[in-house]
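Please read the structure below before turning to the comments.
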Amino acid sequence: MSKPNIDTGSINTWCPGCFNFQILAGFRNFLGKEIKTEKQRESIAMVAGVGCHAKIYDYVNLNGINTIHGRVLPTCMGIKIGNPNLTVYGFAGDGDAYSEGISHLIHAARYNLDVTFIVHNNQVFALTVGQPTSVTEKGYKEKTTPEGVVLPTLNPIKLMLSARAGFVARVFADVKQIEWILKEAKKHKGFKFIEVIQPCVVFHPDKGYKEKTYMLDSKNHDSSDIDKAMKKASEWDYDGIDKKTKIPLGIFYKEKRKTFEEQHWQLQKLMKKKKSWRDIKR
Amino acid sequence: MRYNILFGGKAGQGPNVLTNLLGDALAKKGYYVFYSRDYQSLIRGGHNFNMLTFSDKPIHSNESKIDIIVALDENTLRIHKDNLKKNCIILGGKYPNMHFSGNLFKILGFEFEDLDRELKELKRKYKENVVEAKKGFEEKKCEIELKKIKGNKGKFLSGTQGIALGAVKSGLDIYYGYPMTPSTPILGELAGMQEEKNILVVEIENEIGVANAGIGSAITGAKTMIGTSGGGFDLMTESLSLMGIAEVPMVIYLAQRAGPSTGVPTYNSQGDLDIARHAGHGEFNRVVLAPGDPREAQELTNQCFYFSQKHKVPAIVLSDKHLAESYYILPQKPKIVSVGKNTKWKRYSSYEQGPNGSSTEKPELINRNVEKRIKVGKEIIKDSKKFPMYEIYGKKNSKNLVVSWGSTKGAILDSIEDLNCAFLQIKYIEPFPDIEKLLKGKNIILIENNATGLLGNLIREKTGIKIEKKILRYDGRPFLSDELEKDIRGNLK
């Protein structure tokens, strides 16, 4: 039996040099090791929103849905509840996750379904040609904001820690980091928040972000301590970079909590029998 | 024979318990019973009342004039004094409410055992209740002697319960909701069935979340229903459009209340016909069915599951506050059709899709998708012909024809008994039945619980026939059969 094809064959329309290619490559590498059979391919669900990030759905041949803007997380929840034996990956942009769909993000952390959520944070509405999002630094100028951004940024890592997400991580859009964090996330049961710093080559280019980053590890951080995680998250507030900027990457916080599935006997029953609601004949 | 009993008091004083006790006992004696709930948007205080109407013949609505009033507070008498019949029996005073159950059972000629049985079935505070009920029973004498009759054999059912049963009988797996009156009671109704029926009920953070969680579950093949009212449905509309393009099977319970906006949250209206038909951007298929009583609520919810699963479309059960929260006794059993379960686990999208499931902008692929949707639309129309898309009641050959839809059915049926007219009840809003022949040459009277006659507009759109005579009620209250009879009579030829 030949290995299932996880490439859709669609023409890639990201800009040349787009950091989304790194995320795509990292996800494909990860999937390449996960998927050996068609059954395994079908056991992984993928959801994307609307924006540059969402084109990843066009390039990866997984079942799921390219849903509407901002609604990735409730859709992931619905898929997981519909078939708790699926492994669910949700992809969203910063517009999707931190503007249009921010209420869902906070609640998803509470629900704690076993779902992995990957935010492509390019700090800009790119596909609509460059408007500022809630994580664009002060002073950023473009056509709709001629006098520059005046509002403070959100800090999504702090937000997720406050919302009691059980797995909070940030990486740079680098193929190796993506593959690594997806493997780490796989080990954790519950809601997994992974933010990817993904400079937009056209509207929010890399001004040296990667050089400012460093990895969190057991020597410099205790990922079981929420106060320490909060401190690490405060080191960078998404408000641009200067000489002193340090951007911590890696796992900020991990906490084992009961998942939504574990607290609903209906879903436990399906998981034990390796069945979905679709298989239940009434 | 029709008797109207009003139970009124402050929220929290428990008129519902009394209404249920008496209603149940009357039904056991063979009488037909209907009762509606009028309550304000508050938790304690204010004025709430239930109106119970019973008869030896089928009954589906209340009348305006009261035969017996149970006033749990002084306010109740003041508010309803203009509607008391001349010889109205007034029960009031500062007693625990079970005292009034004793009064009522005696006045209506029940044996104390009848009441005792009801109190036992209540399964709470029996010892206290029975003492108080006995006092109340002994205090009165029989004034209306009700004989046991060979009448109804049905059980009480509310519109909400009808929708829930229809869903479960269609194989419901998962229900998502967010509380909003009058769709809220179905959350409790279905949650209470979880264990017995192996279903899952989940409350999500808002109606947008509800609709999209619903979509997620539906594409895995779970039979999924979501529910809401007014503003909550507005929030779902972007997702309705997504169900349209992605061909997601979904049943949506839309319980109307008086709007626009927050409107009058706990009161009734049929103002959402247009939004049910048109919500969502772009052109896509949907089904909209409007039940008129709890039996039809079961049947049309079932048919919504049928259409949504077979044709992969969203299907809306359009109900309202009056239907959702009124209790009926309907002897006829619902007709339930079997519903398939064959949704494919594949690549779905909010975009127009190419053959690999990815988005496409190619004109030939867009055409293919659009034309496929048009074809499905035609198949739905063809398929709908096997169901009764409308009903005709009354004197079918009369030149007078009352036309309506939804929960007005009850009051219309009860008001036309002695009138020379027929009643056309439209159950299928989308697709719409071919009714032109039925209307031609008739003196048509449109009856709706809204201000502009939305069904009338729809009929004109589909048939070109403009209905001039309209009886419209838009104060949030349902029609009452005695008042409605006068209004219809004034419009007859």
Original post:
Given segment B:375-480, what strands (runs of 3 or more DSSP E) lie entirely inside it while holding 3 or more residues that are over 26 Å from residue B:278 (Cα atoms)?
Top reply: B:390-394
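Could you tell me which of the residues B:394, B:357 is at pLDDT 95 or above and assigned by TED's automatic domain parsing to the domain that holds residue B:470? Step through it out loud before you land on a result.
Details: B:357 fails: assigned by TED's automatic domain parsing to the domain that holds residue B:470.
That would be B:394, the only listed residue that is at pLDDT 95 or above and assigned by TED's automatic domain parsing to the domain that holds residue B:470.
Every residue in segment B:84-97 that is free of Cβ contacts under 8 Å to residues at least 60 places away in the same chain and either of a type in the set (A, V, I, L, M, F, W, C) or out of contact with any Asp or Glu (no Cβ under 7 Å at 6 or more places or on another chain) (or both), please.
From segment B:84-97, those free of Cβ contacts under 8 Å to residues at least 60 places away in the same chain are B:84-96; that's our starting set.
Within segment B:84-97, B:84, B:86, B:87, B:88, B:89, B:90, B:91, B:92, B:93, B:94, B:95 qualify.
I'd like the residue in segment A:204-244 that is polar (S, T, N, Q) and farther than 29 Å from residue A:128 by Cα and, out of all such residues, is surrounded by the fewest Cβ atoms within 10 Å (Cβ to Cβ). Give the steps one after another, and end with the answer.
Step one: of segment A:204-244, the residues polar (S, T, N, Q) are A:213, A:218, A:220, A:223-224, A:234.
In the following step, the residues that additionally are farther than 29 Å from residue A:128 by Cα were identified as A:218, A:220, A:223-224, A:234.
Working: A:218: 7, A:220: 12, A:223: 20, A:224: 11, A:234: 12.
Ranking the candidates gives A:218 first.
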Original post:
Is there a residue being of a type in the set (Gly, Ala, Ser), touching a His at 6+ places or on another chain (Cβ under 7 Å) and within 12 Å of chain A (Cβ to nearest Cβ) anywhere in segment B:217-231?
Top reply: no
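Of all residues in segment A:74-102 being in a strand (DSSP E or B) and not small (Gly, Ala, Ser), which is farthest from the chain's Cα centre (by Cα)?
Here is the first cut: in segment A:74-102, the residues in a strand (DSSP E or B) are A:87-93.
After this cut, where a residue has to be not small (Gly, Ala, Ser) as well, the list is A:87-89, A:91.
Numbers: A:87: 14, A:88: 11, A:89: 8, A:91: 5 Å.
So, considering only residues that are in a strand (DSSP E or B) and not small (Gly, Ala, Ser), the one farthest from the chain's Cα centre (by Cα) is A:87.
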Original post:
Given the conditions (1) under 24 Å from residue A:106 (Cα atoms); (2) within 13 Å of chain A (Cβ to nearest Cβ); (3) out of contact with any Lys or Arg (no Cβ under 7 Å at 6 or more places or on another chain); (4) not in a loop (DSSP other than H, G, I, E, B), and given that residue B:205 satisfies all but one, which numbered condition is not satisfied?
Top reply: (4)
Subject >> Residues of segment B:374-405 satisfying the condition of being crowded, with 16+ Cβ neighbours inside 10 Å, under 22 Å from residue B:465 (Cα atoms) and polar (S, T, N, Q) >> reply: B:398, B:400, B:404
**OP:** Check B:310, B:378 and return the single one that is in contact (Cβ under 8 Å) with a residue 12 or more places away in the chain, over 22 Å from residue A:67 (Cβ atoms) and not assigned by TED's automatic domain parsing to the domain that holds residue B:35.
**Re:** B:310
Original post:
Considering only helices (runs of 4 or more DSSP H) fully contained in segment B:231-331, which possess at least 3 residues that are over 10 Å from the mean Cα position of the chain (by Cα) and under 20 Å from residue B:474 (Cβ atoms)?
Top reply: B:273-278
**OP:** Residues being more than 16 Å from residue B:222 (Cβ to Cβ) and surrounded by fewer than 23 Cβ atoms within 10 Å (Cβ to Cβ): count how many of those fall in segment B:311-324.
**Re:** 1
**OP:** Return yes or no: is residue A:165 of a type in the set (A, V, I, L, M), over 11 Å from the mean Cα position of the chain (by Cα) and within 20 Å of residue A:228 (Cα to Cα)?
**Re:** yes
Subject >> strands (runs of 3 or more DSSP E) within segment A:104-205 that include 1 or more residues within 22 Å of residue A:242 (Cβ to Cβ) and without any contact (Cβ under 8 Å) to a residue 40 or more places away in the chain >> reply: none
**OP:** Please indicate, with yes or no, whether at least one residue in segment B:64-84 is surrounded by 19 or more Cβ atoms within 10 Å (Cβ to Cβ) and part of a loop (DSSP other than H, G, I, E, B).
**Re:** yes
Original post:
Given the residues B:416, B:435, B:429, B:412, which is the only one that is of a type outside the set (Gly, Ala, Ser), touching a residue at least 60 places away in the same chain (Cβ under 8 Å) and touching a Ser or Thr at 6+ places or on another chain (Cβ under 8 Å)?
Top reply: B:412
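The values are calculated or read from the model by the stated rules, or taken from the named source; none is laboratory data. What you see is a predicted model; the values in this text were computed from it and never measured. Cβ atoms come from the backbone with ideal geometry, glycine included; neighbour counts cover every protein chain shown.
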